[in-house]
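Enquirer: This is the structure, below, for whatever I ask next.
Please treat every number below as a calculation from the coordinates, not as lab data. These numbers were taken from a predicted model, which means no experiment stands behind them. Please note: Cβ atoms are built from the backbone with ideal geometry, for glycine as well, and neighbour counts cover all protein chains shown.
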Amino acid sequence: MYRLLGVYHWKHGRKGLGVFWLQQARDEFLLNKIARHLFDSVGKSISSESFKQWEGLIELLGSESKPAGSLEFLHKYRDFKKSLQQACDKKTLDAARHAADSLMSLMKNPSTPQRFWLPLLYDSLTLLSWPGRPLLNVSQTNLLLNKLQELSMASVRPGFVATDLPAEALNSVRLALATNLGRAILEEQ
């Protein structure tokens, strides 16, 4: 009965109610299918506006349903966006460090799809050029540079999904990472 209510509400545009009733039915199959749908929808347009549309549903789904890591990634991405916003609003070192830790957690996680790497790094330009001490050390910056290089090489392969970022995004990120690397090297000496 709950499953039928969930499917009915989902198909008729009342997505939150659909998720609620599917959770009541404990229908992991359909909840995982919805999570994959959200993952694909967020992946098509990673702008802040499009993500806000899905944020409530991601919260509703909870972290107990993890289809192939896609929902886990969406939860971590949501947390990263929140911590990045706090860092930009508060301009405190602690908030910025928390956002940098969230970024590194996402970039190290194998469930983070390659198509999200550049948008994540582009969103993090304020962290990479944080005034004062660098937020990322040499090894963290090298990891991000390696991810960027891997992304550059993947962009020439067939089937590569391009993002809707400005054309200069890759160069801006590369410059910010190189600058951060230099600052981190000086900091560690």
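Enquirer: How far apart, in nanometres, would the label points at K11 and Q24 be if each is projected 7 angstrom from Cα along the Cα-to-Cβ direction?
Expert: With each label placed 7 Å out from Cα toward Cβ, I get 1.8 nm.
Enquirer: Same structure again: Taking N as the number of residues in the range 103-147, what is its Cα Rg relative to 2.2 N^0.38 Å?
Expert: Values: Rg = 10.6 Å, N = 45, 2.2 N^0.38 = 9.3 Å.
Cα-based Rg divided by the globular estimate yields 1.13.
Enquirer: Still on this structure: Karplus couplings for the range 102-111 from phi (6.51 cos²θ - 1.76 cosθ + 1.60, θ = phi - 60°), rounded to Hz, Gly and Pro as x?
Expert: Those phi angles translate into 5, 4, 5, 4, 5, 6, 7, 6, x, 7 Hz.
Enquirer: Further, regarding this structure: Which loop trypsin sites (Lys or Arg not before Pro) in the range 80-141, with loop taken from DSSP, have no more than 13 other Cβ atoms within 10 angstrom of their Cβ?
Expert: Here the sparse-neighbourhood loop sites are K91.
Enquirer: Please order S105, S172, S124 by the number of other Cβ within 10 Å, starting at the fewest. All intermediate terms of the calculation are to be shown ahead of the outcome.
Expert: Numbers: S105 13, S172 16, S124 28.
Ranked by crowding around the Cβ, least crowded first: S105, S172, S124.
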